[in-house]
Amino acid sequence: MNWTDVCALADLTPDRGVGALVDGAQVAVFRLGDGPVLAVGNTDPIARANVLCRGLVGSRGDRAVVFSPLHKQAFDLVTGVCLDAEDVRIPVHPVEVRAGRVFVGPAGAAGAARRIV
């Protein structure tokens, strides 16, 4: 699998997103307040805009989510499922943190919901 070196872990502000380009696709990368780093597609499929990296990070029950800044739909950061329209999904990317650097793999790759911190 091709991994993209996105940034230093220290460059990520907890509970904020950043945009990155991974294998030609826009990706939103999030460092959750408790430490895990997760990555999903940056495109909000409902608004059809590349804005999820600017969304608000929060939770619904025990699920970590990002709320779209446009229409406020909640997307599960582990599964990619839209909690407000379960037939809608965003791609999930595997993430690894190695030697203080954040690496993101292509969507749909084996272990895409996996995170290593």
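Hey, with R₀ at 35 Å, roughly what FRET efficiency would Asp15 and Asp87 work out to, going by the Cβ-Cβ distance, to 0.05?
Plugging the Cβ-Cβ distance into 1/(1 + (r/R0)^6) gives 0.80.
Go through Leu12, Leu83 and list them by solvent-accessible area, largest first, probe radius 1.4 Å.
Leu83, Leu12
Would you kindly state the longest site-free stretch of the chain, with sites defined as trypsin sites (Lys or Arg not before Pro) in a DSSP loop (not H, G, I, E, B) surrounded by at most 16 other Cβ atoms within 10 Å?
73-113
Given a 10 angstrom Cα cut-off, can you work out which residue in Thr43, Thr79, Thr13 is the most mobile in a GNM of the chain?
Result: Thr13 has the largest fluctuation of those listed.
Specify whether the C-alpha gyration tensor of the stretch 15-85 places it in the rounded, prolate or oblate class, a ≥ b ≥ c being the square roots of the eigenvalues: rounded for a/c under 1.5, otherwise prolate if a/b is larger than b/c and oblate if not.
Judged from the Cα gyration tensor, the stretch 15-85 comes out oblate (a/c at least 1.5, b/c at or above a/b).
Determine the relative contact order of the chain: mean sequence separation of Cα pairs under 8 Å and six or more apart, normalised by residue count, in whole percent.
26 percent
At 7 Å along the Cα-to-beta-carbon direction for both Asp23 and Arg60, put a label point, then send me their distance in nm to one decimal.
Between Asp23 and Arg60, the label points sit 2.7 nm apart.
Which distance in nm do the two modelled labels at Met1 and Ala47 give, with both placed 7 Å along the Cα-to-Cβ direction?
It is 2.8 nm.
The values are calculated or read from the model by the stated rules, or taken from the named source; none is laboratory data. Quantities reported herein were computed from a predicted structural model and do not represent experimental measurements. Note that each Cβ is placed from the backbone with ideal geometry, even for glycine, and that neighbours are counted across all protein chains shown. The area values use the complete protein model at the heavy-atom level, side chains included, leaving out ligands, DNA and RNA. Shrake-Rupley method; radii C 1.70, N 1.55, O 1.52, S 1.80 Å.
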